[in-house]
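Student: Dropping a structure here in structure tokens format, bear with me for questions.
The values are calculated or read from the model by the stated rules, or taken from the named source; none is laboratory data. If you're wondering where the values come from, they're calculated on a predicted model, not measured in any experiment. Positions of Cβ are backbone-derived with ideal geometry, glycine not excepted, and every protein chain shown enters the neighbour counts. All accessible areas refer to the heavy atoms of the entire protein, side chains included, with ligands and DNA or RNA removed. Shrake-Rupley method; radii C 1.70, N 1.55, O 1.52, S 1.80 Å.
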Amino acid sequence: MDGLYIKKTEGISLEAGIESVGSLRLLAQAGGLEVMRQSILKGATVWITPAEDVETLEFFHILSGALEMKVDGSPQLLAAGDSFYVHGLRDELLIRARQSTELLYITNRPLFDSLFGFQDDLTNLLRQIDEKDHYTYAHSVHVMCYSAKILEQMALDGMDTATVSLDTLMVASLFHDIGKCFVPDDILKKRQPLTESEQRFIVRHPMDSARILKQRFDEKIVEIARNHHERLDGSGYPFGLIGDEISVEARMIGVADSFDAMTTDRGYNRQMSCLEAAEELYALKDRYDRRVTGALLTLARSGALEEIRKGDGSTRP
Ligand SMILES: [Fe+2]
Ligand SMILES: [Fe+2]
């Protein structure tokens, strides 16, 4: 019948998503309206960002599962049968799945096509890292998870994190080492200390990361990736920036990055416990921001980082 469109479950092919977070299936699309079915895996966090267009409406109906979101500082639990929508949203809305959750998602924000293409590109970038060196891939996922935890803890500690976008932080942390794709394999995978000339290849990777990310993302993400090895006292690279010249996001990723290197067994280093590494970073107050290492130390003491440390990059909280 003209004008009638039937979609059976087996017939739906368009799907976008990062496997360990969930997926999005397009059910219908017309007149600027998209109807989707969204799956969010248990424990995963997704976020809704404010739209530029004031007319944007995003409606969600929970088919199964349970979600938690923070509304004006207090947690709100939503279960199957509940629905919510955003219209004129001012701040990012963070949503965590308490259980694996299925949602019906209707929006007049043209999202699916751009998301589909965008995630395809990101998946390719991630695959490039994984094929080059699985350690770097797992490290990138760990740094993303640690950075998100640190941001959450800094907010809980009452620090002003309003200017830090979780979205930006996660993309920058996941791709901070993408420039290592240009480091020769024998140097990247070398388990002994590097010679001076080999070290020069490593030192340029933040610039290469920035160059690759510049083609896809805004300047903030590029800056964070470029500066993740800069240290407050000027001892970092590639520019030896000092103090306020380094953004808080780059400081956060710098801490998460060092923490992961210290707590991972790479054959030539002594693998530290989460608490040992956090204490050592906290003690290095000239190099690392104490607001960040303080949050890390709290997390390490509570045992909240163990699960991430044990993961091989295939699971993301
Ligand atoms: Fe790096
Ligand atoms: Fe790194």
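Student: Nearest 500 deg cm²/dmol is fine: what mean residue ellipticity at 222 nm does the chain get from its DSSP H runs of n ≥ 4 alone, each adding -39,500 (n - 2.57), divided by its residue count?
Tutor: Helix-only estimate at 222 nm: -12000 deg cm²/dmol.
Student: Related question: Take the solvent-accessible surface of the protein heavy atoms, probe 1.4 Å, and return the percent of it on segment 9-110 that carbon and sulfur atoms account for.
Tutor: 51
Student: Just how large is the dipole of segment 160-206 about the Cα centre, in debye to the nearest 20, putting +1 at every Lys and Arg Cβ and -1 at every Asp and Glu Cβ?
Tutor: For this selection, approximately 220 debye.
Student: Something else now. Would you tally the net charge around residue 291, using a Cβ to Cβ cut-off of less than 10 Å, leaving residue 291 out, and scoring K and R as +1, D and E as -1?
Tutor: -1
Student: With label points built 7 Å along Cα→Cβ from the Cα atoms of residue 28 and residue 191, find their separation and express it in nm.
Tutor: 5.8
Student: Please sort through the DSSP H helices of the chain and keep those with an alpha-carbon extent of at least 15 Å along the long axis and a Kyte-Doolittle average not below 0.0.
Tutor: 134-156, 248-262, 290-302
Student: Then there is this: Roughly speaking, what is the stretch gain from residue 182 to residue 91, that is 0.36 nm per residue apart minus the C-alpha to C-alpha distance, in nm to one decimal?
Tutor: Gain on stretching residue 182 to residue 91: 29.0 nm.
Student: With a ≥ b ≥ c taken as the square roots of the eigenvalues of the C-alpha gyration tensor of segment 116-310, please select rounded if a/c is under 1.5 and otherwise prolate if a/b is larger than b/c or oblate if it is not?
Tutor: rounded
Student: Taking only protein heavy atoms into account and a 1.4 Å probe, give the accessible area per residue of the chain in Å².
Tutor: Heavy-atom accessible area per residue stands at 52 Å².
Student: Name the shape class, rounded, prolate or oblate, that the alpha-carbon gyration tensor gives for segment 18-177, where a ≥ b ≥ c are the square roots of its eigenvalues, rounded holds for a/c under 1.5, and otherwise prolate holds if a/b is larger than b/c and oblate otherwise.
Tutor: Cα axes put segment 18-177 in the oblate bin.
Student: While we're looking at this one, here's another question. Could you give the size of the charge dipole of segment 161-317 about its Cα centre, using +1 on the Cβ of each K and R and -1 on the Cβ of each D and E, expressed in debye and rounded to the nearest 20?
Tutor: 180
Student: How would segment 20-113 be classified by its alpha-carbon gyration tensor: rounded, prolate or oblate, with rounded meaning a/c under 1.5 and the a/b versus b/c comparison settling the rest?
Tutor: Oblate, because a/c is 1.5 or more while a/b does not exceed b/c.
Student: Rounded to the nearest 0.05, what FRET efficiency is calculated for residue 307 and residue 159 with R0 set to 25 Å and r the Cβ-Cβ distance?
Tutor: 0.55
Student: Moving on to the next point. Hey, what do the phi angles of segment 33-39 turn into as Karplus ³J(HN,Hα) couplings, whole Hz, using 6.51/-1.76/1.60 and θ = phi - 60°, x for Gly and Pro?
Tutor: Per-residue couplings from phi come out as 10, 10, 10, 10, 10, 10, 10 Hz.
Student: What's the carbon and sulfur percent of segment 116-310's accessible surface, probe 1.4 angstrom, rounded to a whole number?
Tutor: The computed percentage sits at 50.
Student: Could you size up the charge dipole of the chain around its Cα centre, putting +1 on the beta carbon of Lys and Arg and -1 on that of Asp and Glu, and report it in debye to the nearest 20?
Tutor: Value, rounded to 20: 660 debye.
Student: Identify, among 243, 193, 143, the residue whose Cα sits farthest towards the positive end of the charge dipole of segment 116-310, taking +1 on the Cβ of Lys and Arg and -1 on the Cβ of Asp and Glu, with the dipole about the Cα centre.
Tutor: Selected residue: 193.
Student: For the pair residue 261 and residue 102, what calculated FRET efficiency results from E = 1/(1 + (r/R0)^6), where r is the Cβ-Cβ distance and R0 = 41 Å, to the nearest 0.05?
Tutor: That pair, residue 102 with residue 261, gives E of 0.60.
Student: Which is farthest toward the positive dipole end of the chain among 170, 49, 261, measuring Cα position about the Cα centre, with Cβ charges +1 (Lys, Arg) and -1 (Asp, Glu)?
Tutor: Most positive-ward Cα: 261.
Student: Looking only at chymotrypsin sites (Phe, Trp or Tyr not before Pro) in DSSP loops with at most 10 other Cβ atoms within 10 Å, what is the longest site-free stretch of the chain?
Tutor: 6-267
Student: Here's another thing I want to ask about it. What is the distance in Å between the Cα centres of segment 249-269 and segment 23-84?
Tutor: The distance from the Cα centre of segment 249-269 to that of segment 23-84 comes to 34 Å.
Student: Something else: Using a Cα-Cα cut-off of under 25 Å, which lysines could be cross-linked to residue 310, ignoring same-chain neighbours fewer than 8 residues away?
Tutor: Answer for residue 310, where 25 Å is the Cα cut-off: 42, 132, 149, 180, 189, 190, listed by chain and number.
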